[in-house]
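The values are calculated or read from the model by the stated rules, or taken from the named source; none is laboratory data. These figures come from a predicted structure and were not determined experimentally. Here Cβ is always computed from backbone atoms with ideal geometry, including for glycine, and neighbour counts include all displayed protein chains. Side chains included, ligands, DNA and RNA excluded: accessible areas come from the protein's heavy atoms. Shrake-Rupley method; radii C 1.70, N 1.55, O 1.52, S 1.80 Å.
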Amino acid sequence: HLASSMIYSGIFNSRTGVNNTNQFSVAEDITRAVEPSQGTIQKLYAEDTNLIIFQEKKVSRALIDKDAIYSAEGQAMTTSGAQVIGQIQSYAGNYGISNNPESFAVYGYRKYFTDRTQNVVLRLSQDGITEISAYGMIDFFRDNLSAVGNNGRIVGMWDMHNKQYVLSMQPANSSNFKTLTFDEDVSGWTSLFSFKPE
């Protein structure tokens, strides 16, 4: 079991009837691994030509169908090539998604998720990772995310109607759940709800 590695198979094309998803050629370099000390891979998200990798303690980005080469000054330049999964680059900050991939939600280029081990709610966007739980709610999330425990659930979703990130912290075997929303327009947590999303 390689919980911090990825492997890809042959292609699938429904129009032409090609299905090589059960073929793993040993002649090709078809595996990529992330740092095992940062925990297991909990979620993969493809965005444009990048693959975002959420581990328990780290968030990284892998180039798809291209690789990075570096100039003498250390500047990265991308080049196309035969690699399906190219170089893996970590985002700044020591944050991950813990064991709660269900907290992930996306809208446009903004990805929202929680790091329960550090008791924070995070947003990954074009400018990197931002700790949105710090917008006036540090104590609230420290208390409630730690109360969820290992057996509870942290459910995240995007409300398309109100354009808000909805987060529900649900401790196991408890009716003491909390559901609230984050609004980008005011950069704050605006509502506390009485419903428990499933």
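Starting from the stretch 90-107, keep only residues that are in contact (Cβ under 8 Å) with a residue 40 or more places away in the chain, then list their pairs with residues that are in a loop (DSSP other than H, G, I, E, B) and of a type in the set (S, T, N, Q) whose Cβ atoms are within a distance under 9 Å, requiring at least 6 positions of separation or different chains.
96/117; 96/118; 98/117; 98/118; 99/40; 99/117; 99/150
Kindly indicate whether residue 83 is part of a strand (DSSP E or B), modelled with pLDDT of 90 or more and open to solvent by less than 80 Å² (accessible area, probe 1.4 Å).
So residue 83 does not fit the description; no.
When the stretch 176-198 is examined, which residues are found to be of a type in the set (S, T, N, Q) and either open to solvent by less than 80 Å² (accessible area, probe 1.4 Å) or free of Cβ contacts under 8 Å to residues at least 12 places away in the same chain (or both)?
179, 181, 187, 190, 191
Taking the stretch 45-55 as the search range and keeping residues that are at pLDDT below 95 and open to solvent by 50 Å² or more (accessible area, probe 1.4 Å), which one is farthest from residue 5 (Cα to Cα)?
Only one residue tops the list, namely 48.
Looking only at the stretch 131-153, decide whether some residue is modelled with pLDDT of 95 or more, of a type in the set (Val, Ile, Thr) and assigned to a strand (DSSP E or B).
No, the stretch 131-153 has no match at all.
Which of the residues that make up the stretch 112-126 are part of a strand (DSSP E or B) and either in contact with a Lys or Arg (Cβ under 7 Å, 6 or more places away or on another chain) or on the phi > 0 side of the Ramachandran plot (or both)?
Those that are part of a strand (DSSP E or B) and either in contact with a Lys or Arg (Cβ under 7 Å, 6 or more places away or on another chain) or on the phi > 0 side of the Ramachandran plot (or both): 112, 123, 124, 125.
How many residues does the stretch 23-42 hold that are over 26 Å from residue 101 (Cα atoms) and either open to solvent by 70 Å² or more (accessible area, probe 1.4 Å) or touching a residue at least 40 places away in the same chain (Cβ under 8 Å) (or both)?
Residues flagged as over 26 Å from residue 101 (Cα atoms) and either open to solvent by 70 Å² or more (accessible area, probe 1.4 Å) or touching a residue at least 40 places away in the same chain (Cβ under 8 Å) (or both) within the stretch 23-42 amount to 6.
Here are some conditions: (1) over 25 Å from the mean Cα position of the chain (by Cα); (2) exposed (fewer than 12 other Cβ atoms within 10 Å of the Cβ). Residue 20 meets all but one. Which one does it not meet?
(2)
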